[in-house]
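**Student:** Take a look at the following structure, please.
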Amino acid sequence: MIDAERAKRLAAEAAFDRVTDGMYLALGTGSTVEAGLPRLAARVREGLRITCVSSSERTVRMAASLGLPLVDLDTIERVDMLVDGADQVAPDLAMIKGRGGALTREKKLASIAGHRIYAIDSEKQVPVLGNTWLPVELLPYGWRFTVAAIRRTIGAEVRVREQDGAPLRSDNGNYLADGRVGTVAEPARLERTLRAIPGVIETGLFVGFADLVIVSDGTSTAERQNPVSRLERGGAP
Ligand code: 5RP
């Protein structure tokens, strides 16, 4: 059993230590990112000049409270680096994300960032993705039909996240659901199938996005580099 809180902090701090002067930095969402933000803020106070964009209102609140310089994504022309967390990471660095509900903005930022670093505690490493809840963002219009279609696709239970007895809204004003998936041997294929359902806005399957995963067991950190660089992939995703 590892000290997950300490592991998240060590991994996130190692990720934020890679940020250099002048960068446009995208901030993910969740307890791991938040555990590393005080260290980043300390570096900014010491003179590091960066400009941050955020994947969620939650991260905006914490980053702002720490005095990190934040701008709207549509006011900048590039994003140099993304630091985010993940829920599961497979050996090929395919991931499940979105437990914190920010999957759509997180994937958008991952699709444009020059270098994508994911910080995790070691217990999030899995031999194969799945056997967990897969987050999906849904258009509210006709959502019951969308949920039924997802249920037919994955052949298992789908739950819509709720708050005060009503569907919870994402920062984008949409609904969030979680589907109980079995082993996901072909995440790219499941991603395509789910995204083809009208009303599905985004899924928590992140395939081909991680350039570097920093893993900590609470004592030390290790790096898992994506062997296929973004350049070799023709820049996408
Ligand atoms: C939010 C995410 C998070 O990165 C993911 O859920 C990990 O969260 P945490 O760092 O709290 O364990 O995808 O949408």
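**Student:** Here are the criteria: (1) crowded, with 23+ Cβ neighbours inside 10 Å; (2) modelled with pLDDT under 95. Tell me which single one M1 does not satisfy.
**Tutor:** Of (1) crowded, with 23+ Cβ neighbours inside 10 Å; (2) modelled with pLDDT under 95, only one is false for M1: (1).
**Student:** Ok, one more. If the requirement is being more than 9 Å from the ligand (Cβ to nearest atom), touching a residue at least 12 places away in the same chain (Cβ under 8 Å) and of a type outside the set (D, E, K, R), which of these qualifies: I76, I96, I120?
**Tutor:** Sole residue among the options that is more than 9 Å from the ligand (Cβ to nearest atom), touching a residue at least 12 places away in the same chain (Cβ under 8 Å) and of a type outside the set (D, E, K, R): I76.
**Student:** If you don't mind, another one. Of the residues in the range 123-135, how many are in a strand (DSSP E or B) and more than 10 Å from the ligand (Cβ to nearest atom)? Spell out how you get there, then give the answer.
**Tutor:** So in the range 123-135, the residues in a strand (DSSP E or B) come out as 125, 130-135.
Among the residues that remain, those that are also more than 10 Å from the ligand (Cβ to nearest atom) are: 125, 130-134.
Final tally of qualifying residues: 6.
**Student:** Could you figure out which of (1) more than 15 Å from the ligand (Cβ to nearest atom); (2) surrounded by 15 or more Cβ atoms within 10 Å (Cβ to Cβ); (3) among the small types (G, A, S); (4) outside any loop (DSSP other than H, G, I, E, B) isn't true of G208?
**Tutor:** G208 satisfies every listed condition except (4).
The values are calculated or read from the model by the stated rules, or taken from the named source; none is laboratory data. This structure is a prediction, so every number in the text was calculated from the model and none was measured. Heads up, the Cβs are rebuilt from the backbone with ideal geometry, glycines too, and the neighbour counts pull from every protein chain shown.
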